[in-house]
Protein chains: 4
Amino acid sequence: PDDLVVAGQSFSSRLLVGTGKYKDMAETQTAIEMSGAEIVTVAIRRTNIGQNPGEPNLLDVISPDKYTILPNTAGCYTAKDALRTCRLARELLGGHKLVKLEVLGDEKTLFPDITATLESADILVKEGFDVMVYTNDDPIIAKRLEEMGCVAVMPLAAPIGSGLGIRNPYNILTIIENAKVPIIVDAGVGTASDAAIGMELGCDGILMNTAIAHANNPVLMASSMKKAVQAGREAFLAGRMPRRRYASASSPLDGLI
Amino acid sequence: PDDLVVAGQSFSSRLLVGTGKYKDMAETQTAIEMSGAEIVTVAIRRTNIGQNPGEPNLLDVISPDKYTILPNTAGCYTAKDALRTCRLARELLGGHKLVKLEVLGDEKTLFPDITATLESADILVKEGFDVMVYTNDDPIIAKRLEEMGCVAVMPLAAPIGSGLGIRNPYNILTIIENAKVPIIVDAGVGTASDAAIGMELGCDGILMNTAIAHANNPVLMASSMKKAVQAGREAFLAGRMPRRRYASASSPLDGLI
Amino acid sequence: PDDLVVAGQSFSSRLLVGTGKYKDMAETQTAIEMSGAEIVTVAIRRTNIGQNPGEPNLLDVISPDKYTILPNTAGCYTAKDALRTCRLARELLGGHKLVKLEVLGDEKTLFPDITATLESADILVKEGFDVMVYTNDDPIIAKRLEEMGCVAVMPLAAPIGSGLGIRNPYNILTIIENAKVPIIVDAGVGTASDAAIGMELGCDGILMNTAIAHANNPVLMASSMKKAVQAGREAFLAGRMPRRRYASASSPLDGLI
Amino acid sequence: PDDLVVAGQSFSSRLLVGTGKYKDMAETQTAIEMSGAEIVTVAIRRTNIGQNPGEPNLLDVISPDKYTILPNTAGCYTAKDALRTCRLARELLGGHKLVKLEVLGDEKTLFPDITATLESADILVKEGFDVMVYTNDDPIIAKRLEEMGCVAVMPLAAPIGSGLGIRNPYNILTIIENAKVPIIVDAGVGTASDAAIGMELGCDGILMNTAIAHANNPVLMASSMKKAVQAGREAFLAGRMPRRRYASASSPLDGLI
């Protein structure tokens, strides 16, 4: 089977989803179920997974028995905060090693702070975490994060929450071509075709949150995204026809326009 | 159910496929089955559906009991040829009224000859055919073909066999906004995301042939296209999030870049 | 010299401009002067060039001694109106034969009505007019208008007044490759780079109005457009480098993404 | 006047050019003269500006009396090499402080090594250099380089030598919006419209080499680029019309497609 393998674990779904921005817990649950996702990422600083006893606990609706919970460091702007958040998550989840590291550079764009990301990733890997890491779409940085021991590299397609789709497919493609670990597009997908495009480039998976949660109908959009990721994956594996100006053209497009 | 309705008939699949360019009849059959298509278009001038007794008959593998056969006039460069071909198809298919009209303008681009298309469509409608019509992406022409009585209008996304995807989404969108009959993108789709984009714009269906038949693995691409069309349809119905420069932007993109 | 030749007349500028939408006559005059345009198009149904004696006359600021006045049929939705307008223009301009024909299809998009355009063009050519003709970007229609005797074919880049730039460069390129008369992009240019792109494709000229008149500073935008058209022309003649994924790539882009 | 000011010096041209890849010194000289550039960048590791006595010296044709020579560290893959190259340049050019720092990450893409770039920039600034710095298009990194004291930040539009144009205009725009020092697009421009697009975004200048040197006619392309940069600058200052789907649309594009 064509599984996504991250840190030795196999997943049949290549769609990873977040839990933020939904109307309520019921919508979160239904949409995530409909998405078919097996890995669900949770912002530890914003979501109660047990650190606030007596408040509603996300894990009651998104059960760790059913889903692989991927704690993330959303909202962390320094290496220190990100490290503390990962360690807290490990404790809350009973020694769970898989985390998604994001260290943000500013509140406006939510771009990563690459220097602090590199620094944190290095420490987390040494502390035994399995680090999936949010980064920009710079191929050199992506390779360095892989070499450091991250288990998956997660370049942004476009700014978090923008819905702009893959702004720079060539960069994503270069990252993929250079990689030995899974490359998972994280952030920026806005609709089904964006997800398909990511998979057609050869990404190993797509992580999204706003595109589902802020659709008019999140549950239906979750279903759409499930199919879009599968469609994109199959198109990648099937090998698309070349692009030509016409059927009768003797060669594919030549780079002049 | 969210059916495609053409000339009073309901179809649960919004993917329409052609039968040309496959390696052999077996591949044609398997790919079409995998695509989930219910409407299969056949080039009467190139494909034997009974007019050449003793030769292999497409209808033996693509049975009219299972599929709606949509005879088309591919290869016709004049109104006269197109009309003759439609009448022949009606005869071969026992009075079948549904046809796909295409009158081509030249061999290089396979763009439609709009004048001859308008003329032929008018005659065919008057002769009682249910005319699905291949056209360019000009919204005024599309509306005229609808007003003339065509049962579906089929603008090209890009030249036939090019795989370039939807070259002018604004035109397709304008055609859709003006229409009361189904708008089905015909020609130019190259990969799964192209099909999804068409459906996200609000097209009622997509017709394709080369994108499947000329993929490295046509059967897998057929499966991909089935999902891509569904994903795009669901994304359209679900209502996508707006595109913004960042999550924190107070308004969507403003048209300046 | 690298002149634009239309109906036997040579022009050193390849930028053609309209006269509508300016704040006042003084701005019209200054902007047009700054644009370096030699051909200035005038909407006969909206602009007084003598038919309303006693009212301000555009020709007082845009002198026919200095500019080639190109009367156009903007606002005409039927062949009859367009023909009458051209004949009126000829009379007002003392037998002037050069006209720009546009027959519009609807008020929303201002797309041409191709059927009425073909019909009017044919009549005008036979009446001895030198017809420059506004059309969609369909290569078959463009060729037919040329064969009919039009002296220049003017495909839209995007809807009139949209500022969307060249929506379908492949169509424009195909029109250019097929043509023996000048191809002048008419409508849709929004900023300098749009004009440059048109010229880089090999267009013989660009006609614009709103992009200049509705800039915040029309006179400065006129200067920009003058340079952009020259830059695009020179880039076309100079022959651009091929597009490659990197400097070290051994071949140009291959049409797969 | 609308001057580009870098490190306190004013320049009337916003086009910066390189000296590599020309057929011969004569072509280099003529093309650069035609480009109107006042700042000319020189790869110290590849070009003799005096370090190899007895060999042809670029400064004989590109005189420091006429041009501002901008030594660059092209070909350096480590901070150490880049620092040594800058110091050598300062010595060769009699104490000249202005340098263009580039530290490359790999030979395939020629993307910058951001970590080594940050490290080198910091040291060079402290040693009193005026550092113009080649970087990726990450807005957080660009801001950090500015804060460190670089006199200009030079994000890539696309890989060096690719001619792909500005791959991610939103990133470039964000860099510009955040900046107090000049932002100069460096690398990736392929033709005139690419340069115009960069300037329309609000870049303070464009640096290019291959787009001119590898055009079929480099001298004519140099002239084109001069005009394109001016046209783009004027369009930026003039303030373009908004993009709308049609002239009759009541509001600009809304971010849905």
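The values are calculated or read from the model by the stated rules, or taken from the named source; none is laboratory data. It should be emphasised that the depicted structure is a prediction, and the values quoted were computed from it without experimental measurement. Ideal geometry is used to build each Cβ from the backbone, glycine not excepted, and the neighbour counts take in all protein chains shown. These accessible areas exclude ligands, DNA and RNA; they are computed on the full protein's heavy atoms, side chains included. Shrake-Rupley method; radii C 1.70, N 1.55, O 1.52, S 1.80 Å.
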_I'm trying to understand the selection: among the residues of region B:137-183, which are assigned to a loop (DSSP other than H, G, I, E, B) and away from chain A (no Cβ under 14 Å)?_
B:D137, B:D138, B:M148, B:G149, B:C150, B:V151, B:N168, B:A179, B:K180, B:V181, B:P182
*If only one of D:V219, D:V181, D:V185 is surrounded by fewer than 24 Cβ atoms within 10 Å (Cβ to Cβ) and touching a Cys at 6+ places or on another chain (Cβ under 9 Å), which one is it?*
D:V181
*Leading residue by the ranking (nearest to the chain's Cα centre (by Cα)) among those in region B:93-112 that are within 14 Å of B:G75 (Cα to Cα) and charged (D, E, K, R)*: B:K100
_Residue, farthest from the other protein chains (Cβ to nearest Cβ), within region A:236-257, restricted to residues that are open to solvent by 20 Å² or more (accessible area, probe 1.4 Å) and modelled with pLDDT of 95 or more_ = A:F236
*Spot the failing condition for C:T115; the list is (1) in contact (Cβ under 8 Å) with a residue 40 or more places away in the chain; (2) away from chain D (no Cβ under 14 Å), and only one is missed.*
(1)
*Would you check if C:L110 is modelled with pLDDT under 95, of a type in the set (A, V, I, L, M) and within 16 Å of C:I160 (Cβ to Cβ)?*
yes
*In the set C:G95, C:G105, which member is open to solvent by 20 Å² or more (accessible area, probe 1.4 Å), touching an Asp or Glu at 6+ places or on another chain (Cβ under 6 Å) and more than 30 Å from D:A235 (Cα to Cα)?*
C:G105
*Enumeration of residues in region B:115-161 that are surrounded by fewer than 24 Cβ atoms within 10 Å (Cβ to Cβ) and of a type in the set (D, E)*: B:E119, B:D122, B:E127, B:D130, B:E146, B:E147
*Selection count, region B:168-177, where residues are touching an Asp or Glu at 6+ places or on another chain (Cβ under 8 Å) and not aliphatic (A, V, I, L, M)*: 2
*Within region D:83-92, how many residues are open to solvent by 40 Å² or more (accessible area, probe 1.4 Å) and under 14 Å from D:E127 (Cα atoms)?*
5
*asked:* Could you tell me how many of the residues in region C:118-136 are in contact with a strand residue (DSSP E or B) (Cβ under 8 Å, 6 or more places away or on another chain) and either among the aromatic types (F, W, Y) or away from chain B (no Cβ under 13 Å) (or both)?
replied: 9
*Every residue from region D:164-183 that is touching a residue at least 40 places away in the same chain (Cβ under 8 Å) and out of contact with any helix residue (DSSP H, G or I) (no Cβ under 6 Å at 6 or more places or on another chain)*: D:P182
*Within region B:37-46, can one find any residue that is part of a helix (DSSP H, G or I) and more than 17 Å from the chain's Cα centre (by Cα)?*
no
_Selection from region C:4-36 of residues that are small (G, A, S), assigned to a loop (DSSP other than H, G, I, E, B) and in contact (Cβ under 8 Å) with a residue 60 or more places away in the chain_ = C:A7, C:S13, C:G20, C:G36
*Boolean, A:K80 is open to solvent by 50 Å² or more (accessible area, probe 1.4 Å), among the basic types (K, R) and more than 30 Å from D:T174 (Cα to Cα)*: no
_Just to be sure I understand, how many residues within region B:192-209 are open to solvent by 10 Å² or more (accessible area, probe 1.4 Å), under 15 Å from A:A231 (Cα atoms) and not hydrophobic (A, V, I, L, M, F, W, C)?_
2
*Check D:Q230 against each of (1) assigned to a strand (DSSP E or B); (2) touching a Lys or Arg at 6+ places or on another chain (Cβ under 6 Å) and name the one condition it does not meet.*
(1)
*Among residues belonging to region C:192-235 that are small (G, A, S), more than 7 Å from chain D (Cβ to nearest Cβ) and out of contact with any Leu (no Cβ under 8 Å at 6 or more places or on another chain), point out the one that is nearest to C:L110 (Cα to Cα).*
C:A213
